[in-house]
Amino acid sequence: MLLLTPLQQPLLVAGGDFCRTRHCAAISYASSYGLNASCNKRKVQNEYNLRLRKPSLNHHYKGIGGGYTFQKYDMKFVVKATSEKSFGSESQAFDPKSVSDSVKNSLDAFYRFSRPHTVIGTALSIISVSLLAVEKISDISPLFFTGVLEAVVAALFMNIYIVGLNQLSDVEIDKINKPYLPLASGEYSFGTGVAIVSSFSILSFGLSWIVGSWPLFWALFVSFVLGTAYSINVPLLRWKRFAVLAAMCILAVRAVIVQLAFFLHMQTHVYKRPPVFSRPLIFATAFMSFFSVVIALFKDIPDIEGDKVFGIQSFSVRLGQKPVFWTCVTLLEIAYGVALLVGASSPCLWSKIFTGLGHAVLAAILWYQAKSVDLKSKASITSFYMFIWKLFYAEYLLIPFVR
């Protein structure tokens, strides 16, 4: 038995003509107690109309009379509507496309933070120099690939430390020179940059300790010291402020450490052979000394605006962009000329062809590209600088053919 509450009664009256007359109201009252009355049929019809016209009444009413039963169905629809809204919000919160975009943005930021052109250069140089330690075809074995992988991974970790530390020290400069970098653009906080740099330096030294190669350890340690001295802004350091010291840091790492230390890692640690300084190794060290000086000089040409503001006395700031640009081109052309002579004097015919012809082609491409550079356009200079790095990669493809 159901008694109508005071809140339910006005809703029933407002629903239509269900209880329009006193007579029908009495019948409704009687029928609620299961009594048969003469206007039962009319009441059924009215309640049916009421249900059709007002399906959203927010109460539960059950009338029993003449064997019929009214049940409220709208509650199911209300719950369903609420559930759909809830599931919709959850779907939006865990939208796969949104998660995918977030992952892509994170990877892109780290890609730019790692300075990929230096990563590629480091990996190619180590692989190329490692091949100089190969004396016979049987040396190309799982042992060789393991040794190369150990060196490449440890060096790439250190490379990220060095370029990351440079960005941490140059946030304000990079807002002018390289605003697309994550720290300069605000994508990375300073704390995030510190965490990344610290983590990769620890990973680099940790891997070298596990490997147990002294040449590998010293390569990483010297790179760590010079990379820190180059960038960090403390008294007596931040050597990038001084053109000669900056160039010497880059030359020491790219020309000397990479060639000698990683060759010795393969020669003494992997193959367990006595150290030797072969003709190809000497050529690689000499040639990359030229190339490292060119990179050290050229990298400051597109950054002249920010360097002037923050007092970085690069050669481009002191001498101007044009003299430094053509000095770099001339140094590279001289290096290619020396490489042609080395190739011509090789006792191996295939070495003559690859070394001589390869460097002649690179020298011609360099000269052609240099003449088309607009020194008044930062975009044009930056594009040519990246072309210099492509020549750097190409050289390491040719070095294993030197004999």
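The range 278-402 gives an Rg/Rh value of 1.04, both radii derived from C-alpha positions and Rh following Kirkwood.
Extension gain for Ser383-Leu143 works out to 82.5 nm (0.36 nm per residue, less the C-alpha to C-alpha distance). What the Cβ-Cβ distance of Lys97 and Ala344 gives, at R0 = 51 Å and to the nearest 0.05, is a FRET efficiency of 0.30.
Here, the range 309-373 is characterised by an Rg to Rh ratio of 1.19, where Rg is the alpha-carbon radius of gyration and Rh the Kirkwood radius.
As an exercise, use a Förster radius of 30 Å and the Cβ-Cβ distance of Gln313 and Ile282 to find the FRET efficiency, rounded to the nearest 0.05. All intermediate terms of the calculation are to be shown ahead of the outcome.
Numbers: r = 33 Å, r/R0 = 1.12.
The formula returns an efficiency of 0.35 here.
Measuring only protein heavy atoms, the 1.4 Å probe finds Thr268 accessible over about 40 Å².
Can you give the extra length, in nm with one decimal, that the chain gains between Lys371 and Ile334 once fully stretched, where that is 0.36 nm per residue apart less the Cα-Cα distance? Don't skip to the end; give the middle numbers.
Working: separation 37, 0.36 × 37 = 13.32 nm, distance 1.69 nm.
Length difference between fully extended and current span is 11.6 nm.
What's the FRET efficiency of Ile353 with Val194 using the Cβ-Cβ distance as r and R₀ = 35 Å, to the nearest 0.05? The pair Ile353/Val194 has a calculated efficiency of 0.10.
Along its first, second and third principal axes, ordered by size, the range 222-304 spans 45, 25, 16 Å in Cα coordinates.
Given a cut-off of 20 Å, what percent of all Cα-Cα pairs of the range 113-276 lie beyond it? Write out the running numbers ahead of the final one.
Details: 6980 of 13366 pairs.
Percentage above 20 Å: 52.
Listed peptides 100-109, 165-174, 293-302 appear in the order 293-302, 165-174, 100-109 once ranked by packing, highest mean of other Cβ atoms within 10 Å at the front.
With the simple spin-label model, which puts each label point 7 Å out from Cα in the Cβ direction, the Lys390 to Val222 separation comes to 3.2 nm. Protection proxy ranking of 313-323, 361-371, by the mean of other Cβ atoms within 10 Å over each peptide's residues and highest first, is 313-323, 361-371.
The values are calculated or read from the model by the stated rules, or taken from the named source; none is laboratory data. The structure presented is a predicted model; accordingly, all values stated were derived computationally and were not measured. FYI the Cβ positions are ideal-geometry reconstructions off the backbone, even for glycines, and counts take in every protein chain you see. The area values use the complete protein model at the heavy-atom level, side chains included, leaving out ligands, DNA and RNA. Shrake-Rupley method; radii C 1.70, N 1.55, O 1.52, S 1.80 Å.
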